[in-house]
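A short worksheet on the structure shown next.
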4 protein chains.
Amino acid sequence: MAPPIRIGIAGATGYAGRDLIRLIARHRHAGIVWLAHGPGEPDEPISTTFPELAGICDLTVLDTAVMLAKHKVDAAFLALPHRAAMAVAPGLLAQGARVIDFSADYRIRDVAVYEKWYDVQHTDRANLGQAVYGLCERYRGQIRKAKLLANPGCYPTSALLPLAPLLEAGVIRHEGIVIDSKSGASGAGRKAAAPLMFVEVNESFKAYGVFSHRHQPEIEQELSVAAGKPVEIVFTPHLLPLQRGILSTIYASLAPGKGADDIAAAYTAAYANEFFVRVKGLKATVEVKHVATTNFCDIGYFVSGGRVIVTSAIDNLVKGAAGQALQNFNIMFGFDEKEGLV
Amino acid sequence: MAPPIRIGIAGATGYAGRDLIRLIARHRHAGIVWLAHGPGEPDEPISTTFPELAGICDLTVLDTAVMLAKHKVDAAFLALPHRAAMAVAPGLLAQGARVIDFSADYRIRDVAVYEKWYDVQHTDRANLGQAVYGLCERYRGQIRKAKLLANPGCYPTSALLPLAPLLEAGVIRHEGIVIDSKSGASGAGRKAAAPLMFVEVNESFKAYGVFSHRHQPEIEQELSVAAGKPVEIVFTPHLLPLQRGILSTIYASLAPGKGADDIAAAYTAAYANEFFVRVKGLKATVEVKHVATTNFCDIGYFVSGGRVIVTSAIDNLVKGAAGQALQNFNIMFGFDEKEGLV
Amino acid sequence: MAPPIRIGIAGATGYAGRDLIRLIARHRHAGIVWLAHGPGEPDEPISTTFPELAGICDLTVLDTAVMLAKHKVDAAFLALPHRAAMAVAPGLLAQGARVIDFSADYRIRDVAVYEKWYDVQHTDRANLGQAVYGLCERYRGQIRKAKLLANPGCYPTSALLPLAPLLEAGVIRHEGIVIDSKSGASGAGRKAAAPLMFVEVNESFKAYGVFSHRHQPEIEQELSVAAGKPVEIVFTPHLLPLQRGILSTIYASLAPGKGADDIAAAYTAAYANEFFVRVKGLKATVEVKHVATTNFCDIGYFVSGGRVIVTSAIDNLVKGAAGQALQNFNIMFGFDEKEGLV
Amino acid sequence: MAPPIRIGIAGATGYAGRDLIRLIARHRHAGIVWLAHGPGEPDEPISTTFPELAGICDLTVLDTAVMLAKHKVDAAFLALPHRAAMAVAPGLLAQGARVIDFSADYRIRDVAVYEKWYDVQHTDRANLGQAVYGLCERYRGQIRKAKLLANPGCYPTSALLPLAPLLEAGVIRHEGIVIDSKSGASGAGRKAAAPLMFVEVNESFKAYGVFSHRHQPEIEQELSVAAGKPVEIVFTPHLLPLQRGILSTIYASLAPGKGADDIAAAYTAAYANEFFVRVKGLKATVEVKHVATTNFCDIGYFVSGGRVIVTSAIDNLVKGAAGQALQNFNIMFGFDEKEGLV
């Protein structure tokens, strides 16, 4: 057997980092060489931060810069906040590592859109052009060759997988799309914050980021590619009192002359051979529990009059982050896409 | 002080019944005379079914027919399933009791619509005509004189309070309204059912009743009254992993020439003097936890381009059932509307 | 009707403060005159901190010192951390207010024990001697006359109500008692802290403060009074993934010649006329949900061989804090003990 | 590579069955040949019962008897209730299959004890004598050769792993042991039952089966083996409002002359080379979240005066059922014990 692919993970002390470590522990052809944290965090074993990893991975997490100087890797996963990612990626690329970035830094093709929504200057325009948007089931060909992969956001994944094939096939109208999404609390990350305390989140539910969530331009960018014309959406995220999972309820209108059969056909064309997208069909229910801790995206849909409702479910930390990242890695390095993910 | 109003509660062994008993225990001018159950349930103290009520109310729950024969009451609350309610109401009305019904049996004015959606023959058409729809803040005048009051559904309450004033004032278009609602599990009632087991509901989330939930015609009926013309909506309920509360996220379009100020004005006109409707204003967040166990309805709204998003929150068992029923009782009998409800 | 008792609440921005405000809103003979916060907190309406209180109480919370200078009150509730309470109490007592303190500052009679366990110097020894330990059902006589009332801790309340009558009556041995307690997350207060984030507490459970929790000396002090000799216990608190409630599972041994009937007799003697203590009896189950949001303490017990297991349940924020405080207030001012608490 | 071991699973439609299917899907040397259900259940794909398995395993579940007649397997897992297991095991053994039974039918060596606690006649005394109790870390040698393996109960696993080494080494006294255990709701199985509805379990907590839970004799049997003399315990299970996990808080007394170092030494002797038992050490906290979905058992302990408190955490469905069963399978068939379990 070939020696395993050497992997580094920056931002290992977040929930997506932890899940990635767990998944890679099951991967037969990849081995973690280093784990790194952001500035100001202590150097300690990852199993101190996440006791659940004791025995699975006991590497000590050091500063990212230290790690870069010390070890060459074949692939680096950046589970860092935006800004931090684009500060690190160029050095890794220069060392010859292939980079899989979890942040938004390389997702938005129009740098002006990025800078407006993220309120920050883009500091690595040089590499932005070569970044591939890593929605596995849609960009597999480009992903194979990617040096710099922008791993999709969790909400965008839950919206794009159900919507893109319908827009591409012209089955639904590109106007008036409403995406009402609900996410578990791990989506907000691991930092202590008053509104994310147990007593505040448990037994409650709310919308947030109404008309202003940063995943909106990412969703619109990719839906516009699928539709072949500019698509504007209304997107409302909500906070669910549970650990992991996103369910999106999507409202659209049938295009003239189209019906449920056309939706079925569009999904068959897109996903009949996709292991990780399970189209449950017309009038099928999808539920967060069916996808939690897995890399699956489940899709069900309903049609009445000219209205279409599509519901999709993913695990925000797996198909919405670490799992899709590992799927992208598998594509990039020529492994079975399911490796480490079943 | 006048002797307390004598109250009977049929269907006392459900969650809405229990909450009603708790609320009435705080009411200075009402006293429970009897509690009744549906056919087949055992005769036992209510505190056997609900140990939380021990000391608060220890009456024995007997069969509804037995109770009707035995005790005359001034007011009867029917926390029974549809069909069972209209079997009992006529007898109570004939005895001179004023009836507050929690079921759908007297909510739908068009009997054909009722019979289609509830798949049952209406057995009390005689009284249907005199029933008053008990959305307190909109029908207070009629409620005062009502003999037979149809207490609104939980989802309808969460949709009508935010939408009716906007349609009535012509601030939003009456077409294309989407109501994406999320309810806690107590909304499904107290019966054992596999999909409502803890392990199935906890850590999960799903849509259900897509395009087919029975609260849709009720919402459409009342929105049509408000708009002065037929309104059709898309309504999607979801199941939240929490005890109590509904949050509705409502999507609409501004009417031509209208804006956020007109929304504010419509709400001020409707609710400035209403204790139980708290309009939080433009860009305000509402959360289930702020209304849980209370009779409040919180409303916040957002405007962008021509799109309007309104979010509302209520407790499904209080403002969505027992609390609104007691508020209706207070109106009907001339008490302070807040009595028992703060 | 007499004018209402004027009340001030210091530490209003914590969960116990909030619950107290809600309860007082239902009290017919008490009115809140001021709300105060600790040093460094912003001056803003209490309904900004707790939107659930909007309409119920919209007073602005100011600095404690400012409030003391401005308003005289008949009774002050101190929902402050230990240390902060004893800094404020003397001034209030000097103004003639009767003080009900939620902290540990006046609970421990032996100042050396206090100073050791709380690792701080006691700064108000002058008033310590006159403080009455406010376990309502056991010290009612003294509470009536108290100027300075030390409201019991939540865990101690859950342990003392079931254990004190048994020790006092000599039904159980005073040695070898184990108290295994489990509390909801609101017991930890409102401050943001990483281990109390939703994602960390939800779907988890742990012991904490093993052999070292500060409620141990308080429990031992009061059990020693009941037993008439020094009692040492083993006490282990745990963190439950729920909002409110404590269940304590208590292990003890029967005294020689004693049995289940003696337990029943001891409880009858202690609680037959107590509204807020519900002894469910031999082999009875108690559950957090039966007491949540109420001022009840439920008790059930089991006997096998010479072993006794007693389980008790309270709401940590009500009978374990704000509710018991209001019950104490009712005793002190001669009101019906249930006023505001049903 | 050798052809995979052929596996049959009876009782596949319960939570332990589902988890076992998931784990075997990751095992490189085992393949599921059949899935069977109990009498009266419908024949349908396992992914109809558990949509989360779609794509992972889509076998149709047939009646156990049908499966036995149809397919020979190398190993059969019986995730059936007690009684049902001993009705099926003999036939499988006769076919030459090695049987791993999840029920209590072959766990209790003294048939009289079994018949008393389970209130049923044992119908397979012939095979009882050859059954091996499958606590992997203690009986590995016998397990290797076992034809019939009795997989330990969930509570027993959480109690025996921390206690057995201490009793065996004589570090703690064998009298006065109290085991206060708390389990997530999946421990109660998948059948609809009113007390296990979401609304009844969520936001609540209770003890159950006090002095009467069937896992008590199983724990006592194995602790007696470890101690070399009869051990009686007090065992109290509780129901936690979460999906999966057991935390046991165990109270014991040090044997004369023993201390924390002796505990450490006993654990080192027992578990230094065990991958799935993580002894966190003196004053270490264990938490359900660190073991959920894993096959680990975490152990921490505290000593004060002569008292010892040990806390242990496992996932009731993994180390407490399906995971330990697969670990036993790996031992029996000579595979790496971690295969399929990391």
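Output wanted: per-residue J couplings in Hz (rounded whole) for region A:208-225, from phi through Karplus 6.51 cos²θ - 1.76 cosθ + 1.60, θ = phi - 60°, x for Gly and Pro.
Result, rounded to whole Hz: 8, x, 4, 6, 9, 6, 5, 7, 4, x, 5, 5, 5, 4, 6, 5, 5, 4.
More than 19 angstrom separation, counting every C-alpha pair in region A:190-253; what % is that?
Numbers: 911 of 2016 pairs.
Of all Cα-Cα pairs in region A:190-253, 45 percent lie more than 19 Å apart.
Between region D:1-80 and region B:265-342, how many Å separate their Cα centres?
Using only Cα atoms, the two centres lie 51 Å from each other.
Quick one: 3J(HN,Hα) in Hz for region C:33-43, Karplus 6.51/-1.76/1.60 with θ = phi - 60°, rounded, Gly and Pro as x.
With the stated coefficients, region C:33-43 comes to 9, 8, 10, 10, 10, x, x, x, 7, x, 7 Hz.
Determine ³J(HN,Hα), in whole Hz, for all residues of region B:6-12 in sequence, where each value follows from phi through the Karplus function 6.51 cos²θ - 1.76 cosθ + 1.60 and θ = phi - 60°; x replaces Gly and Pro.
Values, residue by residue: 7, 10, x, 10, 9, x, 6 Hz.
Which pairs in the list B:K116/B:K229; B:K70/B:K191; A:K145/B:K182; A:K191/A:K289; B:K280/C:K338 are over 31 Å apart, alpha-carbon to alpha-carbon?
A:K145/B:K182; B:K280/C:K338
Over region A:95-239, what per residue volume does the convex hull of the Cα atoms give, in whole Å³?
On the way: hull volume 19.7 nm³, N = 145.
With only Cα atoms used, region A:95-239 gives 136 Å³ per residue.
Please give the calculated 222 nm ellipticity per residue for chain A, where each DSSP H segment of at least 4 residues contributes -39500 (n - 2.57) and the sum is spread over every residue; nearest 500 deg cm²/dmol? It would help to have the intermediate numbers written out before the result.
On the way: 13 runs with 112 residues, N = 342.
That comes out to -9000 deg cm²/dmol.
So what is the relative contact order for chain D, in percent, with contacts set as C-alpha pairs under 8 Å and at least six apart?
17 percent
About its Cα centre, how strong a charge dipole does chain A have in debye, to the nearest 20, once Lys and Arg get +1 and Asp and Glu get -1 at the Cβ?
Value, rounded to 20: 460 debye.
In debye to the nearest 20, how big a dipole does the protein assembly as shown give about its Cα centre with +1 on each Lys and Arg Cβ and -1 on each Asp and Glu Cβ?
Dipole magnitude for the protein assembly as shown comes out near 0 debye.
Taking amide H atoms as placed 1.01 Å from N in the peptide plane, list the residues 5 or more away in sequence, or in a different chain, whose amide H sits under 5 Å from that of A:C297.
A:V277, A:R278
Given Cα positions, please report Rg to Rh for region B:165-219, the hydrodynamic radius being the Kirkwood one.
1.10
Would you mind putting B:112-121, B:255-264, D:233-242, A:2-11 in packing order, based on average other-beta-carbon counts within 10 Å, highest first? It would help to have the intermediate numbers written out before the result.
Working: B:112-121: 13.9, B:255-264: 15.6, D:233-242: 23.8, A:2-11: 20.3.
The packing order, highest mean first, is D:233-242, A:2-11, B:255-264, B:112-121.
Quick check: at a probe of 1.4 Å, how many percent of the accessible area of region D:131-282 sits on carbon and sulfur atoms?
49 percent
With r as the distance between the Cβ atoms of C:K283 and B:Q95 and R0 = 51 Å, compute the FRET efficiency 1/(1 + (r/R0)^6) and round to 0.05.
0.75
Taking the alpha carbon gyration tensor of region C:5-130, what are the square roots of 5 times its eigenvalues, largest first, to the nearest whole Å?
On the way: eigenvalues 133, 47, 34 Å².
One finds semi-axes of 26, 15, 13 Å for region C:5-130.
Between B:L242, B:A226, B:G189, whose Cα lies farthest towards the positive end of the dipole of region B:154-316 when Lys and Arg beta carbons carry +1 and Asp and Glu beta carbons carry -1, centred on the Cα centre?
It is B:L242.
Which residue fluctuates the most in chain B, going by a Gaussian network model with Cα springs under 10 Å, if the choices are B:R140, B:R244, B:R28?
B:R28
For region B:193-342, compute Rh as the Kirkwood radius over C-alpha pairs and then the Stokes-Einstein diffusion coefficient at 37 °C and 0.692 mPa s; write the answer in µm²/s, rounded to an integer.
The Stokes-Einstein estimate is 190 µm²/s.
Across region D:56-147, how large is the tail of the calculated P(r) beyond 18 Å, expressed as a percent of all Cα pairs?
Values: 1999 of 4186 pairs.
Across region D:56-147, Cα pairs with separations above 18 Å total 48 percent.
With each label point set 7 Å from Cα along the Cα-Cβ vector, what nm distance links B:V120 and A:Q121?
6.9 nm
What size of dipole, in debye to the nearest 20, comes out for region D:1-61 about its Cα centre when the only charges are +1 on Lys and Arg C-beta atoms and -1 on Asp and Glu C-beta atoms? Present the calculation step by step, with values, prior to reporting the outcome.
Values: 5 positive and 6 negative charges, 78 e Å.
The dipole magnitude comes to about 380 debye.
One-quarter of the Cα convex hull surface for chain C, in nm²?
17.0 nm²
Run the Debye formula on the Cα coordinates of region B:265-341, all scatterers equal and no solvent, and tell me log10 I(q)/I(0) at q = 0.13, 0.14, 0.23, 0.26 1/Å.
-0.43, -0.50, -1.05, -1.19
Out of residues 5 or more away from A:D63 or on other chains, whose amide H comes under 5 Å of its own, with H placed 1.01 Å from N in the peptide plane?
Amide H to amide H, under 5 Å and 5 or more residues apart or across chains, A:D63 pairs with A:H37.
Using only Cα atoms, figure out Rg for region D:39-87 and give it as a multiple of 2.2 N^0.38 Å. Present the calculation step by step, with values, prior to reporting the outcome.
Details: Rg = 12.0 Å, N = 49, 2.2 N^0.38 = 9.7 Å.
Rg over 2.2 N^0.38 Å, computed on Cα atoms: 1.25.
Non-local amide H neighbours of A:A292 (under 5 Å, H modeled in plane, Pro and chain starts lacking H): which ones?
none
Positive end of the dipole of region D:5-130, charges at C-beta (+1 Lys, Arg; -1 Asp, Glu), about the Cα centre: which of D:A65, D:A112, D:G129 has its Cα farthest in that direction?
It is D:G129.
Cα-based Rg of the protein assembly as shown per 2.2 N^0.38 Å, rounded to two decimals?
Values: Rg = 31.9 Å, N = 1368, 2.2 N^0.38 = 34.2 Å.
The value comes to 0.93.
Just B:G320, B:G184, B:G40 to compare: in a GNM of chain B, with alpha carbon springs under 10 Å, which one fluctuates most?
Residue with maximal mean-square fluctuation among B:G320, B:G184, B:G40: B:G40.
If each Cα of region C:291-330 is one equal point scatterer, what is log10 of I(q)/I(0) from the Debye formula at q = 0.25 Å⁻¹?
With no solvent term, the Cα-only Debye profile gives -0.74.
Normalising by the residue count of region B:5-130, find the relative contact order in percent from Cα pairs under 8 Å and 6+ residues apart.
Dividing the mean separation by the residue count of region B:5-130 yields 23 percent.
The values are calculated or read from the model by the stated rules, or taken from the named source; none is laboratory data. Model, not experiment: these values are computed from the prediction. Because the Cβ atoms are built from the backbone with ideal geometry, glycine has one as well, and the counts that use them run over all protein chains shown. Areas reflect the complete protein model, heavy atoms only, side chains present, ligands, DNA and RNA absent. Shrake-Rupley method; radii C 1.70, N 1.55, O 1.52, S 1.80 Å.
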